[in-house]
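Derivation of every value follows stated rules applied to the coordinates shown; laboratory data play no part. The structure displayed is predicted, hence computed values, not measured ones. A quick note on method: Cβ atoms are made from the backbone with ideal geometry, for glycine too, and the neighbour counts reach across all protein chains shown.
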Amino acid sequence: MFTQKLKIFLILTFSLLVGCSASTIETSTSSSIVDLDVNPDQDGTTGVRISEINFHAVEGSSEFVELVNLGAVDAQMQGWCIEGIDFCFEELTILSTGEYFVIDESQYKGALSNDSEELRLVDSLGQIIDVLNYDDDTWPELADGNGHSLQRIDFVTPNVGAGAWSSGTPSPGYEFLEKMSVVAREIVFSEVHYHPLSDNPSEAFVELVNNTSVSVDLNGWCIQGIQYCWESSAIIEPKSVFVLKPFESAIRLSHSRGLMQLVDDELNVQDIMRYEDSDPWPASADGYGLSLQRLNLKFDGFEPGNWIAGEPTPGVSSAFEGSSVLPIFSKVEFELSPSAGTPIGVTGRVKDAQSIELGYRIDFGPEEILPVDVAADGSISVSIPGQVAGSLVRFRLIGRGVGGEGTFPRQGDGATYTGTVVAGEPDSPTSLPRLQWFMPDELYDAARLETTLHGDDGFPAVFAYDGEIVDNVTIRIKGNQARSNKKKKWKVMLPAGHTWDMGGLLETEVDEFDLLPAATDKSFAREFLTSDLQRLSGGYRQEVFPVRLERNNLFFGLYMYGESSDADWRDSLGLSKDSLVYKAERVAKLSLGNLDLPKTDFSTFYQRYSPEFLDPEDAILRGFIRTINTLKGEELIDFAFKHIDVPQVVEAIATMRIAQNPEWQHKNYYVVFDPADELWRLIPIDADLNFGRRWSSPCNARCDEVRADPYMSYPDGNRLARIFLKDEVFLGMVDRRTRSLADEFLAPGYVEAKITNLYDIMSADAARDLNQWGQYGDSQTLEEAQEILLTEYFVPKREMYILTDKYLPAPQISNPRIEVSVTKKDPDGTVLSGRLSNSGLEFVDVSLRTFVDINAVLPAGVVIPPLGSIDVVFVKSPRISEGTSRLVVLAERIAGD
């Protein structure tokens, strides 16, 4: 081997695929020189090379790097590495001449960048054998999240640039085929309705148009990405439309992002289209009643500017040859929270625009227009004049081109503007996060007086945190009795295409949240402490924390941020999208009393929170209610083991015993059925009366009394919970889990520290809140209310639960003996199921424990009865025990296994 210095010109290529029956490529190039030490093989052959990478994998595919040995001899790869993805061949590996080797994302650390990356293939002596240096601006566009991978077409020279690479349908382990890189566009996608307003997949459709002058039979054609193939004749006439619907659940279109390739019976790629549910794609096509509609059938189907959101028109294509793509903005950047008087510089990039303007508004004033400078490469820059402290500065970019007007935020986005808030001090000191709400006074007055709205209805507003704004938010009053309070509870719904983590303040991004007023909790602690208890337990939880809420830069109130129990939250719990979800209202105890009510009346007790097309007559819930009220004895217990998520219900009852939720026997809970495992769940919600409060006439939710009770039999009026409180085995599970949680949460000093911290950060804002909104009943300062909470609830509750053994069993021993066995493995040795056995005479709580022998981490609420066992599985499916164990538990695999 010898080393030579090579000066390699990286050819930077930008390709725009256009054309009629096939794509043509227009190329412009620029070059830069990179010096690298590259070591060709002694015999002069090309040797081992990087041949294909899938750097921006779409949903349903994975990243990979492919190598090929084009040398004259086999290559011994042990000790070779690919720098950039942290992968090395650690074992003896022979790459025979002519063979491919694929390295999947599961085999290396890190990830390939979706923007730019340098990969170096280095041999066992540390010599650079090959280099790939790609980016997402100048390399084949189809490989950048549009369904293609980068595939090498020139192997003669190492360290080549974009000109040596093409793109095509990913083919790991196989050579590049030219026809898989060309998009024919004889039959094309013209409209996609991927997320109907009803969520019903039968209303979704994909529309195709025949661009040719001859009839085409789709028999043998496939749409890759939804795994659909025509298996019989389906004729699409010249220049006519074909609509594919309804969709079966097995090929349901994704509600978030998707990519489809239309491939004919000769494996030619006819068309590619992709979509996403946020900028630069029109987000209002994602469940807001609109569909994606193509502007020009001859332009790229993966180009966001070639699609708009519009009223669905299945069978009628709105595309026409004279249209062009809309201007699309990207990489828009600006300073958040600029200092008062400092101009706000806005930069970004634009495609397909001939002129650019910026429209901006200060607070609720009129829109002002500024010209925008545009460079030859599409870079833009403009400066908004500096403003006074606390100003809300919103702006939008407006591009005009052949295709019409395109904006940022774009057509179909739920927001009209983006922007920031000029830095400024609050009107009084605070230690809390400042959540800012901007809304004209006349709109706020209308919103606070409108108490009848539900669902997605509301009033427009802007919210901001730490300078980051969300425009065109919808806000309304929520709750039942709370609607009559002076200090309202609010639901905040973000616009289409937007999620928010408040600059990292939230644990997860959300598209809606609640503002909880704590109007019936003078301690401002109950909802936070309930969330903390659920966090500690590892069960279902909604994030809650205190914030200072300001409206138009003035103190509005001390509120709690509350995570909404919406569909995204339920997704985070692992519930399938077809789950049936009902919220209990009024007096709904899952009893036979209201079982046979008509649908409208039945819904006043069990309010549906899942799509109407799923069990439209509520037959599954009605059947469940009938079953748990008619089965007796062992038949009922067998049913519970098979059809109720036992650990989840055990955890719910145990946590609510400690929190002493006074309502969830008959209201303020979700009853959920997930068809993926055919299990029912019982999820308590609404925590403002927890920890000793109670609802009684005539003061109702405004009663001042705080009292701790044993709470051992509550909520036995609820027919599902009653199963767990009346059966000896289930009750033993609940008691053991209650004791485990009590030993942590009620331990001396734990809650005291939490409340002290809350007082320290909330006291100033609590005093302001009292002046702003007043109080019900007895006048109490924050300190007085928190002292009552401690002395009247937590001290006696601690005495009941952990300082005596009157109500609960003694503490669990530190290392109870659990026998672990593997019951099934796959051929590769991966554990498919295991068994945990308790040979002792006491119930053993194994919640959240890790069992290395079966590679399992157990969920919360898992308790093994005396001399009993549980089966542990890893795949969500209907529970079927394959042995003597009655309880089957779904566990997570140990991370990395």
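Hey, with R₀ at 45 Å, roughly what FRET efficiency would SER232 and ALA389 work out to, going by the Cβ-Cβ distance, to 0.05? Intermediate values should be presented prior to the final figure.
Numbers: r = 69 Å, r/R0 = 1.53.
Computed FRET efficiency for SER232 and ALA389: 0.05.
In the stretch 678-719, which trypsin sites (Lys or Arg not before Pro) fall in coil by DSSP and have 11 or fewer other Cβ atoms within 10 Å? Present the calculation step by step, with values, prior to reporting the outcome.
Working: sites: ARG681, ARG693, ARG694, ARG702, ARG707, ARG719; in loops: ARG693, ARG694, ARG702, ARG707.
Within the stretch 678-719, no trypsin sites (Lys or Arg not before Pro) qualify (loop, at most 11 other Cβ atoms within 10 Å).
Could you tell me the distance between the Cα centroids of the stretch 495-563 and the stretch 697-766, to the nearest Å?
That distance is 20 Å.
Just the number, please: percent antiparallel of the DSSP beta bridges in the chain, rounded to the nearest 5. Before the final figure, lay out each step's value.
On the way: 174 of 186 bridges.
Just about 95 percent of them are antiparallel.
What full-extension length gain, to one decimal in nm, is calculated for GLU728 and ASP86 as 0.36 nm per residue of separation minus the Cα-Cα distance? Can you show the working numbers first?
Values: separation 642, 0.36 × 642 = 231.12 nm, distance 5.46 nm.
That works out to 225.7 nm of additional length.
Which three extents, in angstrom, do the Cα atoms of the stretch 328-421 have along their principal axes, listed largest first?
40, 26, 19
Residue by residue through the stretch 716-729, which ³J(HN,Hα) values in whole Hz follow from phi under the Karplus form 6.51 cos²θ - 1.76 cosθ + 1.60 (θ = phi - 60°), with glycine and proline marked x?
Working through the residues one at a time gives 5, x, 7, 5, 6, 4, 4, 4, 7, 9, 10, 8, 4, 5 Hz.
So how strong a dipole does the stretch 736-801 carry about its Cα centre when Lys and Arg Cβ are +1 and Asp and Glu Cβ are -1, to the nearest 20 debye? The partial results should precede the final answer.
On the way: 7 positive and 12 negative charges, 98 e Å.
My answer is approximately 480 debye.
Spelling out what I want: for every residue of the stretch 825-835, take phi, set θ = phi - 60°, compute 6.51 cos²θ - 1.76 cosθ + 1.60 (Karplus), and round to whole Hz; glycine and proline get x.
Per-residue couplings from phi come out as 10, 8, x, 7, x, 5, 5, 9, 7, x, 9 Hz.
Multiplying the sequence separation of PHE613 and ASN815 by 0.36 nm and subtracting their Cα-Cα distance, what value in nm do you get? Could you put the intermediate results ahead of the total?
Details: separation 202, 0.36 × 202 = 72.72 nm, distance 4.94 nm.
That pair, PHE613 and ASN815, stretches by 67.8 nm at full extension.
Distance between the C-alpha centers of the stretch 286-324 and the stretch 179-243? Whole Å please.
Centre-to-centre (Cα) distance: 14 Å.
As a footprinting exposure proxy, order LYS642, LYS478 by other Cβ within 10 Å, with the fewest listed first.
Details: LYS642 17, LYS478 20.
Ordered from fewest to most neighbouring Cβ atoms within 10 Å, LYS642, LYS478 come out as LYS642, LYS478.
Treating each Cα of the stretch 818-893 as an identical point scatterer and ignoring solvent, apply the Debye formula and state log10 I(q)/I(0) at q = 0.14, 0.16, 0.19, 0.21 Å⁻¹.
After summing over all Cα pairs, the log10 values are -0.39, -0.51, -0.72, -0.89.
Please give the net charge around GLU663, taking every other residue with its beta carbon less than 15 angstrom from that of GLU663, where Lys and Arg add +1 and Asp and Glu add -1.
Summing Lys and Arg as +1 and Asp and Glu as -1 gives +2.
Size of the dipole of the stretch 328-421 about the Cα centre, Lys and Arg at +1 and Asp and Glu at -1 on the beta carbon, nothing else charged, in debye to 20?
Details: 8 positive and 11 negative charges, 32 e Å.
My answer is approximately 160 debye.
Evaluate the charge dipole of the chain about its Cα centre and quote only its size in Debye, nearest 20, assuming +1 on the Cβ of each Lys and Arg and -1 on the Cβ of each Asp and Glu. Kindly include the intermediate steps, with their values, before the conclusion.
Details: 77 positive and 137 negative charges, 684 e Å.
For this selection, approximately 3280 debye.
Quick one: check the C-alpha center-to-center distance for the stretch 775-850 versus the stretch 90-116, whole angstrom.
Centre-to-centre (Cα) distance: 45 Å.
Among the lysines, which fall within straight-line cross-link reach of LYS797, defined as a Cα-Cα distance under 27 Å, with same-chain neighbours fewer than 8 residues apart omitted?
LYS797 reaches LYS522, LYS589, LYS667, LYS726, LYS754, LYS806.
Sort 582-591, 295-304 by the packing proxy (mean of other Cβ within 10 Å over each peptide's residues), most packed first.
Details: 582-591: 19.4, 295-304: 22.6.
Per-residue mean Cβ counts within 10 Å order the peptides as 295-304, 582-591.
Under the Karplus relation 6.51 cos²θ - 1.76 cosθ + 1.60, θ = phi - 60°, what is the ordered set of whole-Hz ³J(HN,Hα) values for the stretch 372-387, x standing for Gly and Pro?
Those phi angles translate into 10, 6, 10, 7, 5, 8, x, 6, 10, 8, 7, 10, 8, x, x, 10 Hz.
Measure off 7 Å from each Cα along the Cα-to-Cβ vector at THR850 and TYR174, then give the distance between these two points in nanometres to one decimal.
With each label placed 7 Å out from Cα toward Cβ, I get 4.1 nm.
If you count, for each residue, the other Cβ atoms within 10 Å and average over each peptide, how do 798-804, 731-737 line up from highest to lowest?
Numbers: 798-804: 16.7, 731-737: 22.9.
Order by mean packing, descending: 731-737, 798-804.
Which angle between 0 and 90 degrees, to the nearest 10, do you get for helix 526-537 versus the longest principal axis of the chain when only C-alpha atoms count?
Value to nearest ten degrees: 70.
Work out how much length ASP501 to ARG400 would gain on full extension: take 0.36 nm times their residue separation and subtract the Cα-Cα distance, in nm to one decimal. Could the numbers behind the result be given before it?
Numbers: separation 101, 0.36 × 101 = 36.36 nm, distance 3.28 nm.
Net length gain for the segment: 33.1 nm.
Angle, helix 633-643 long axis vs. longest principal axis of the chain, Cα atoms, 0 to 90°, nearest 10?
Computed tilt is about 30 degrees.
Residues in the stretch 653-681 near a label at HIS454, defined as backbone nitrogen under 17 Å from the 7 Å Cα→Cβ point?
Output list for this probe position: 667-671.
If you average 1/r over all unlike Cα pairs in the chain and invert the result, what Kirkwood radius do you get in angstrom? Let's see the in-between values first.
Details: mean 1/r = 0.0319 Å⁻¹.
It is 31.4 Å.
Averaging sequence separations of C-alpha pairs under 8 Å and six or more residues apart, then dividing by the length of the stretch 328-421, give the relative contact order as a whole percent.
32
Which of the peptides 349-357, 532-540, 654-662 is most tightly packed, and how do the rest follow, going by the mean number of other Cβ atoms within 10 Å of each residue?
Averaged packing, sorted descending, gives the order 654-662, 532-540, 349-357.
Using modelled backbone amide H atoms (1.01 Å from N, in-plane), which distant-in-sequence or interchain residues come within less than 5 Å of SER167's amide H?
GLN151
Can you pull the one-decimal nm distance between simple spin-label points at ARG893 and THR347, each 7 Å off the Cα toward Cβ?
4.4
For the chain, what relative contact order do you get, as a whole percent, if you take Cα pairs closer than 8 Å and at least 6 residues apart?
Working: 2066 pairs, mean separation 56.6, N = 897.
The normalised contact order for the chain reaches 6 percent.
Net charge around PRO172, counting only other residues with Cβ within less than 9 Å of its Cβ (Lys, Arg = +1; Asp, Glu = -1)? The partial results should precede the final answer.
Details: positive: none; negative: GLU52, GLU66, ASP104.
Counting the neighbours of PRO172, the net charge comes to -3.
What is the distance, in nm, between label points placed 7 Å from the Cα along the Cα-to-Cβ direction at LYS876 and at ASP264?
For LYS876 paired with ASP264, the spin-label model returns 4.1 nm.
Please list, in chain and number order, the residues 5+ apart from CYS703 or on another chain whose amide H is under 5 Å from its amide H, with Hs placed from the backbone.
Here the answer is SER696, since their amide H atoms fall under 5 Å of that of CYS703.
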